[in-house]
Structure formats: C-alpha cells, structure tokens
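Below: one structure in structure tokens.
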Amino acid sequence: LQEHEVEKMFTLKPGRLPPADVKNVIFFVRPRLELMDIITDNVLKEDRGRSPQRDFHILFVPRRSLLCEQWLKEQGVLGSFIHREQYSLDLIPFDGDLLSMESESAFKECYLESDQTSLYHAAKGLMTLQALYGTIPQIFGKGECARHVANMMIRMKREFPGSQNSIFPVFDTLLLLDRNVDLLTPLATQLTYEGLIDEIYGIQNTYVKLPPEKFAPKKQGEGGKDLPTEPKKLQLNSAEELYAEIRDKNFNAVGSVLSKKAKIISAAFEERHHAKTVGEIKQFVSQLPHMQAARSSLANHTSIAELIKDITTSEDFFDNLTVEQEFMSGIDTDKVNNYIEDCIAQKHPLIKILRLVCLQSVCNSGLKQKVLDHYKREILQTYGYEHILTLNNLEKAGLLKPQTSGRNNYPTIRKTLRLWMDDVNEQNPNDISYVYSGYAPLSVRLAQLLARPGWRSIEEVLKMLPGPHFEERQQLPTGLQKKRQQGENRVTLVFFLGGVTYAEIAALRFLSQMEDGGTEYVIATTKLINGTTWIKSLMEKLEPAPF
C-alpha cells in the first residue's frame, strides 16, 4: 500500500479523523449501518475551514449497499463522497489450505432471516476460484444452502459463456456442506491444540491475544516488579514450523512434542562448543538465525500450552467435557441434566449453558416439551427475560427445539456414521475422532465417506439429515480431462456454508495426510467459528431501536 502512496492506515472510530497531510481519505467498510454512523460522525466533524480540503471516498466490501447509501443520504453526508465503489473481496486465504469469507453473520442470515446474500458471495468466490484454478468437474452437496450455491454457480456459468476457461483443473471435486447438516460439531469443546486456543482465547484472523504474565522475560533478581500489562499478540499459521506440526494434534499429545523439540534445540546450541575450525564455526553461525527463531517459537508455545493446561486440568473443564461426551455417546440425552441445572443455579456464563443445552437437544433430535420448558424457565429466571429472543433464535436455527417426530434419529446416525469411537488413540491417531477425544465430526465423516465408498452407501442416513443431497457434473473442454497418474491424489475443496471449526479443519488435514487416503482437502468457509462465537452470533441484543 505504501508503494501506492498510502500515507497511513487507521481503524474506524467515532470522533475527528486523525490529522494527516493528505488530499484523499478512503473508507474501507463492510456495508453495516452501525459503521455508517461512525463515518457520518467522522465526516461531520471534519474541519471545513482547513485548506486544502480533503476528499472522501468510500469502498464497500464485498459490495455496495443501497440501504447504507440511503442512510448516509438521510444523515446529509452522501454528497461528501466523490467515489462510492465496491471491492469484491470474497475468499480470503488464511493458510495454505484454508480460505474464509469472514462473514460473521452468514449463518444467522441464511437460517433465521432467509437472506441469501452471503450464499451469492460464496458462489461468486467459487467462480473466481474456478477462473484461476480451472473448472471443478464434480460438485457434491448436502443442505438447502448448498443447493442454492450450486444452482447459482451453474447459472453464473450459463450467463457468462466466456467463463469457459482452458486452465487445467486443480480441484477434482467440490463438496458444499451446510452448517445445519451438522449442528453438533461446533457445540462440543474442541480438543486440538489450535481448537483449544480458539475456545479459550479466541483466534481473530489468525491472531491471538494472550495474558502477558507467562511471556515476561525472566531476569534474575528483579522479582517481577514491572510485569507487562498489554496482552501478548501472536500470529498463528503454518509458516511457523513448530505450530504447523502441533496445531492439529490432540492437546494431550502436544506436551511430548514440545519436550522432544526442546532437547533437539538445546543439543543444537551445544554444538557451538564442538566447533573448532573456522569452517565449522562459520556453519554454526549460518544456522543461528533459524535456531534462534525455533527457540523463541518453542518458548511461546510452551507458555501457551501451560496456560491451556491450567484450564484443561481444572475440575470445571472436566465436568463440562464429561457431560458433553455423555450426550454425544447417547447417555441420558432425554432428561434434565443435573450438571446443567447446577451451572444455571451458580450462574455460569450463559453461552456455556446454551452450548450444553443445544448439544443435548441436537443429540436427542430435539427435547421433550417438558424438559425443554424446564430449561427455558430456569434460564429466563436466572439470566433475565430478555433472553427469550435468543432462545427463540436458537429454536428457529434448529439448535434447541422440541422433539417433533416423537423419535430420536441421532443414535441411528451415530452408529451408521461411526460418530462415537470408544478407543481413541490421542498420541498416534488412526481416526478423525481424536480431535474431540471420541467424537468424529459428522461433517468430516460425510467428506470421508464421499471419497470412499461414496454416498450411495449411506443413503438412509443422508435422508435423516436436513436438506437435499445432490451431485452435479461440469463439462470440461476436450483435452482438459484429467488422466490420473499412479499414486496421484485427488483434490477436494470442502466448502462449509455457515462456518467451520478448527477441529474440523484438523480432521480434514488428518485425512489429507493418511497414507492410503488418496484425497487431499482444501477448506473454504463463510467464517471460522467456535461454539461461543457461533452462539453469540445468534444472540439478540436488546437495545433501543436506532430509528
């Protein structure tokens, strides 16, 4: 940006714009009304007497919104903007195998408000991807939203006949999955290293903010008088060697890797005492930067692991996990749970309660009316009646609902798809269920079974899950059909509509790395989520209406 004469970048906040000696001010925003209010404030507080006057421009990401422009017009500032454009940023690469649209409201819009804008952006993003990496010959999907996206893609292809490109396809298959086909997975506590970091501290756009005490440099004799107060901000992605190795492991397997690494690194530093000749010393010095980076990376992850361990070894974490695992393995899902009642009585965080109650409901294909009413009453009386709107949203989304058909399908689904594995090997896993220490994410199981033996083997179960399942083929121009060499892997793009968790990503990476797997996975999603951020996006904040 600086090469293109961008002077400074600021975060959008109300009040006067920061001083800068520039002619043009560009606002880069999502089309949301509350942001329009901040921009209005910025524009109105601008000093009109200054010379030269600054010109304003606005770029909406990913597209312009009539509503926002109307709002700016009513505030009397629309005329101040010389350019009003859109910047279509659909899929943002987060890692070598991960793309996200980072649209936090996509799930709520699709399932509560029947607003399919985010699906249109998903389809647009996929068209862009095909323009760059070739037409994807096979499309499979499950769920209403998946059907919509596939239809839009086919239509876009028909409407732009010029989009028939002659690039050799990189992807063999596209799998579109609705989040509501598998509502269970995000509600459970993720047990991979990266999943736990996200559950406890929250990973925002690959960055995490951590309590600084563990990262203070230990100096002798000072006795911690000036501990840092700013949270420690770290970037987490596969560019860091150590993180790439441990991010997808079950947390119980991380400790041994870290201690092995520590031994290797200290042995490498010891080498310097054995370096005698100039050549040997030179070689040691050339490796130094890499070794120092490895050492600081190890120090950081050891600190993070200690922070997480303090939590995972707590009684409360254990009790919570035990209840989750009982529900997922089908124990006592049909009656009021004592632990949940106790948590409500002790006024634990509401989101924790909602996650557990929703988990119980999903694992029981809905709760008996009597049980549901009991939970609702307890929650409203303890946390306040304003949460009735949130409960209503959760019901609409299918997360917390009465059992309508009178029978529980979950046990059949669990047995057919092998969603619960009793003997889990956390250290050297042989099945994706290691990411939740026993539960195999339903969404990833569907991807795994699609690769082989194919979905025909599970027709009955697919019918029990919400939404249609379908298959489409896209014609490739002659000469671009793939002839697969011996031992060459298929590449499947799995697109989660409505969000994906780090544990599911870890499970798909595990499948990619399996010796006899034969399929590599690339993951795309509308948003990286965990149970907390997901439930939060469905909660209603009761505030006075803006108009």
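The values are calculated or read from the model by the stated rules, or taken from the named source; none is laboratory data. Predicted, not measured: the structure shown is a model, and the values here were computed from it. Note: ideal-geometry Cβ built from the backbone for every residue, glycine included; neighbour counts use all protein chains shown. Note: accessible area is taken over every heavy atom of the protein model, side chains too, but ligands, DNA and RNA are not part of it. Shrake-Rupley method; radii C 1.70, N 1.55, O 1.52, S 1.80 Å.
When each pair of different Cα atoms in the range 363-411 is counted once in the 1/r mean, what is the Kirkwood radius in angstroms, to one decimal?
11.3 Å
Would you please give the FRET efficiency between residue 114 and residue 37, computed as 1/(1 + (r/R0)^6) with r the Cβ-Cβ distance and R0 = 25 Å, to the nearest 0.05?
For residue 114 and residue 37, the calculated efficiency is 0.45.
Report the FRET efficiency, 1/(1 + (r/R0)^6), for residue 389 and residue 269, where r is their Cβ-Cβ distance and R0 is 41 Å, rounded to 0.05.
For residue 389 and residue 269, the calculated efficiency is 0.10.
A further question follows. If you build the Cα gyration tensor of the range 111-217 and take the root of 5 times each eigenvalue, what three semi-axes come out, in whole angstrom, biggest first?
So the equivalent ellipsoid measures 36, 19, 13 Å along its semi-axes.
Sorted from largest down, what three extents in whole angstroms do the Cα atoms of the range 440-528 have along their principal axes?
38, 27, 26
Take the alpha carbon atoms of the range 450-527, find their center, do the same for the range 269-318, and report the distance between the two centers in whole angstrom.
Taking the Cα centre of each part, the range 450-527 and the range 269-318 sit 37 Å apart.
In addition: So what is log10(I(q)/I(0)) for the chain at q = 0.06, 0.09, 0.12 1/Å, when the Debye sum runs over its Cα atoms only?
The calculated log intensity ratios at q = 0.06, 0.09, 0.12 Å⁻¹ are -0.36, -0.82, -1.33.
Right, next: Which of rounded, prolate or oblate describes the range 316-408 when judged by the alpha-carbon gyration tensor and an a/c cut-off of 1.5?
The shape class here is oblate.
For every other residue with a beta carbon closer than 12 angstrom to the beta carbon of residue 82, add +1 if it is Lys or Arg and -1 if Asp or Glu, then tell me the sum.
In short, +1.
Skip the ligands, DNA and RNA, and give the accessible area per residue of the range 2-86 with a 1.4 Å probe, whole Å².
Heavy-atom accessible area per residue stands at 67 Å².
Related question: Relative contact order for the chain: what percent, with Cα pairs under 8 Å and sequence separation of 6 or more?
Rounded, it is 20 percent for the chain.
List the trypsin sites (Lys or Arg not before Pro) within the range 384-470 that fall in a DSSP loop (any state other than H, G, I, E or B) and whose Cβ has at most 16 other Cβ atoms within 10 Å.
407, 418
Placing +1 on the Cβ of each Lys and Arg and -1 on the Cβ of each Asp and Glu in the range 2-86, which of 72, 83, 53 has its Cα farthest towards the positive end of the resulting dipole?
Farthest towards the positive end: 72.
Place a +1 charge on the Cβ of each Lys and Arg in the range 395-452 and a -1 charge on the Cβ of each Asp and Glu, then give the dipole magnitude about the Cα centre in debye, rounded to the nearest 20.
In debye, rounded to 20, the range 395-452 gives about 400.
Tell me, how many Å apart are the Cα centres for the range 102-142 and for the range 344-384?
That distance is 32 Å.
Accessible area, 1.4 Å probe, largest first: how do 405, 259 sort?
405, 259
Report, to two decimal places, the Cα Rg of the range 2-86 normalised by 2.2 N^0.38 Å (N = number of residues).
Cα Rg divided by the expected 2.2 N^0.38 Å: 1.05.
Also, quick follow-up: According to a simple spin-label model (label point 7 Å from Cα along Cα-to-Cβ), what is the distance in nm between residue 159 and residue 489?
Inter-label distance under the simple model: 3.6 nm.
For the chain, give the percent of accessible area contributed by carbon and sulfur heavy atoms, probe 1.4 Å, rounded to a whole number.
Roughly 53 percent, rounded to a whole number.
To continue, here is another question. In nm, to one decimal, how far is the modelled label at residue 338 from the one at residue 235, with both set 7 Å along Cα→Cβ?
5.0 nm
What's the long-distance tail for the range 191-304, i.e. % of Cα pairs beyond 23 Å?
Of all Cα-Cα distances in the range 191-304, 42 percent exceed 23 Å.
Could I ask something else about it? For the chain, what is the percent of antiparallel DSSP beta bridges, rounded to the nearest 5?
For the chain, the DSSP antiparallel bridge percentage is about 30.
Let me ask you something else. Under a 1.4 angstrom probe, counting protein chains only, how are 529, 331, 26 ranked by accessible area, largest first?
26, 331, 529
Normalised by the number of residues in the range 316-408, what is the relative contact order in percent for Cα pairs under 8 Å and 6+ residues apart?
31 percent
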